[in-house]
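J.: Sharing a structure below in structure tokens format, with a few things to ask.
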Amino acid sequence: MRFLARNRKIINILVFICCVILFVYFAYLTITSSDSKVENKTYPGTAMGTSVKKNIYADDLLTCDEIDAMIDDTLKELENEISLRVSGSTVQNLNNNYVVDGTNQLPEELLSYLKFQMQICKESNGAFSPCIRPIAALWGIEEGFDVVPTEEEIETVLGRCAVSNLEILEDGVVFHDSGMQIDFGASGKGIACDLIKEKLQASNVRGAVVSIGGSVLTYGDKGNSKGWHIAIQDPRGEQGAMLGIVDVDGEVMVSTSGDYEKYFEIDGKRYHHIFDPRTGYPVDNGLISVTIVSDNGMLSDVMSTACFVMGLEDGMEYANQKGVEAIFVTDQKEVYITKGLKKTFRLQSDDYKIVK
């Protein structure tokens, strides 16, 4: 007490100085916060045979425009490598000009993509295949055909899809049969998301959500440290109708495959564009939609197709083995989700129910 009495004046001065310092500090935070307003701009477009939407968050609109241009360039470069729709693409040239039983050169990056897909093919017991293109071309559903091929036609073409006739070497591939084709259609959008993520990491963008057809990439945040809310399409609703919402943080890939994207119906039966490589027919196992959540774009894209073909039980088991999160929707409008999504998936439609 004597110490306080003797030094009261000094203590009062020190308290005053501390108050001034705190005032200046919080005033600085307020000023910097108001100066760091995050701009947001949305860019629509098309690429890889589907719609593209980019929501970009940055310190200024010029940066948003630069990021948009960077994403477009990345998509165009990838299309020139893997697209079957781009005349003169690397994959198109390979499919049209390969020498049977000869080594056909491919860039190292494309070989790595192909090796990854062959690994998934093996693990899924053939439910996924990078050699499915001849069957897809026969049905022509993506091109608007609405006729069911004969059993003889399917059997004949199915022979050209055998992955056992594709050999991957260090510098290229060998086709041991004529009429074969490799196809990155079930992985290309995921690959694009991976490449875009790498470019975003090297930029000064605050955050972005990039949607390429059924694949979505989230990156960073909106400048408020909050997560993203990704809508999952209702597979039996109008375009834009929500089945549910997945809450994610940071860099996440969400890919969905469903029988509602491209299809035709005959006598009440739906024929869609997701084929079982083992039968040559559109998958008919009770599933109508599969969504995969992962930190890897190609994995999420490929797994959404593989798990759809495998069916509910085997697909769920495989998703758990690969360490990805998944949402399976059946034609009975039942929704099954992996454990990691129990707290982050929110059902939005009363027409469906989550089965625990």
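J.: In nanometres, what is the gap between the two model label sites at Gln201 and Ile354, each 7 Å from Cα along Cα-to-Cβ?
T.: Rounded to a tenth, the inter-label distance reads 3.1 nm.
J.: While we're looking at this one, here's another question. Can you work out the Karplus-derived ³J(HN,Hα) for every residue in segment 292-302? Use 6.51 cos²θ - 1.76 cosθ + 1.60 with θ = phi - 60°, whole Hz, and x for glycine or proline.
T.: 10, 10, 8, 9, 10, x, 5, 4, 5, 5, 5
J.: Taking loop as defined by DSSP and a crowding limit of 10 other beta carbons within 10 Å, which trypsin sites (Lys or Arg not before Pro) in segment 37-73 fit?
T.: Here the trypsin sites (Lys or Arg not before Pro) that fit, given the DSSP loop and packing criteria, are Lys37.
J.: Nearest 0.05, what FRET efficiency do Asn97 and Lys262 give at R0 = 35 Å with Cβ-Cβ as r?
T.: 0.80
J.: Roughly what % antiparallel, to the nearest 5, for the DSSP beta bridges in the chain?
T.: In the chain, approximately 95 percent of DSSP beta bridges are antiparallel ones.
J.: What 222 nm value per residue comes from the helices of the chain, counting each DSSP H run with n ≥ 4 as -39,500 (n - 2.57) and dividing by all residues, nearest 500 deg cm²/dmol?
T.: -12000 deg cm²/dmol
J.: Using modelled amide H (1.01 Å from N, peptide plane; none on Pro or chain starts), what sits under 5 Å from the amide H of Glu39, excluding residues fewer than 5 places away?
T.: For Glu39, the qualifying residues are Ala58, Asp59, Asp60.
J.: Still on this structure, please answer the following. Report the calculated FRET efficiency for Glu66 and His176 (r = Cβ-Cβ distance, R0 = 56 Å), to the nearest 0.05.
T.: Here the calculated transfer efficiency is 0.75.
J.: So what is the relative contact order for the chain, in percent, with contacts set as C-alpha pairs under 8 Å and at least six apart?
T.: Answer for the chain is 15 percent.
J.: Now for a separate question. Sequence-distant or interchain residues sharing an amide H contact under 5 Å with Gly45, placed H: which?
T.: Sorted by chain and number, the residues that satisfy this are Val52.
J.: Then there is this: Could you sort out which of Lys122/Lys322; Lys122/Lys262; Lys53/Lys76; Lys53/Lys189; Lys41/Lys76; Lys226/Lys322 sit more than 19 Å apart by Cα distance in this structure?
T.: Cα-Cα > 19 Å for Lys122/Lys262; Lys41/Lys76; Lys226/Lys322; rest within.
J.: Let me ask something else about it. Can you pull the three principal axis extents for the Cα set of segment 123-275, in Å, largest first?
T.: 59, 48, 26
J.: Can you pull the Rg over Rh of segment 207-334, Cα-only, Kirkwood?
T.: Checking Rg against Rh, the ratio lands at 0.99.
J.: Apply the Karplus curve 6.51 cos²θ - 1.76 cosθ + 1.60, θ = phi - 60°, to the phi angles in segment 197-202 and return the couplings in whole Hz, x for Gly and Pro.
T.: Listing the rounded values in order: 4, 4, 5, 5, 4, 8 Hz.
J.: Additional query: Just Glu123, Glu167, Glu109 to compare: in a GNM of the chain, with alpha carbon springs under 10 Å, which one fluctuates most?
T.: Maximum among the listed residues: Glu109.
J.: Students often check this: by mean Cβ neighbours within 10 Å, which of 265-273, 174-182 ranks highest, and how do the rest follow?
T.: In decreasing order of mean packing, 265-273, 174-182 become 174-182, 265-273.
J.: Considering only protein heavy atoms and a probe of 1.4 Å, how much of the accessible area of segment 116-217 is carbon and sulfur, as a whole percent?
T.: 48 percent
J.: Quick one: what are the phi-derived ³J(HN,Hα) couplings along segment 159-165, Karplus 6.51/-1.76/1.60 with θ = phi - 60°, whole Hz, x for glycine and proline?
T.: Karplus-based 3J(HN,Hα) across segment 159-165 equals x, 7, 9, 5, 5, 5, 9 Hz.
J.: FRET efficiency for Glu39 and Asp284, Cβ-Cβ distance as r, R0 = 51 Å, nearest 0.05?
T.: About 0.60, to the nearest 0.05.
J.: Quick one: which residues, 5 or more positions from Ala326 or on another chain, have an amide H under 5 Å from its amide H? H modelled 1.01 Å from N in the peptide plane, none for Pro or chain starts.
T.: Distant-sequence amide H within range of Ala326: Val293, Thr338.
The values are calculated or read from the model by the stated rules, or taken from the named source; none is laboratory data. Nothing here was measured: the structure is a model prediction, and the numbers come from that model. Using ideal geometry, Cβ is built from the backbone for each residue, glycine included, and neighbour counts are taken over all protein chains shown. Accessible surface is based on the protein model in full, side chains and every heavy atom, while ligands, DNA and RNA are left aside. Shrake-Rupley method; radii C 1.70, N 1.55, O 1.52, S 1.80 Å.
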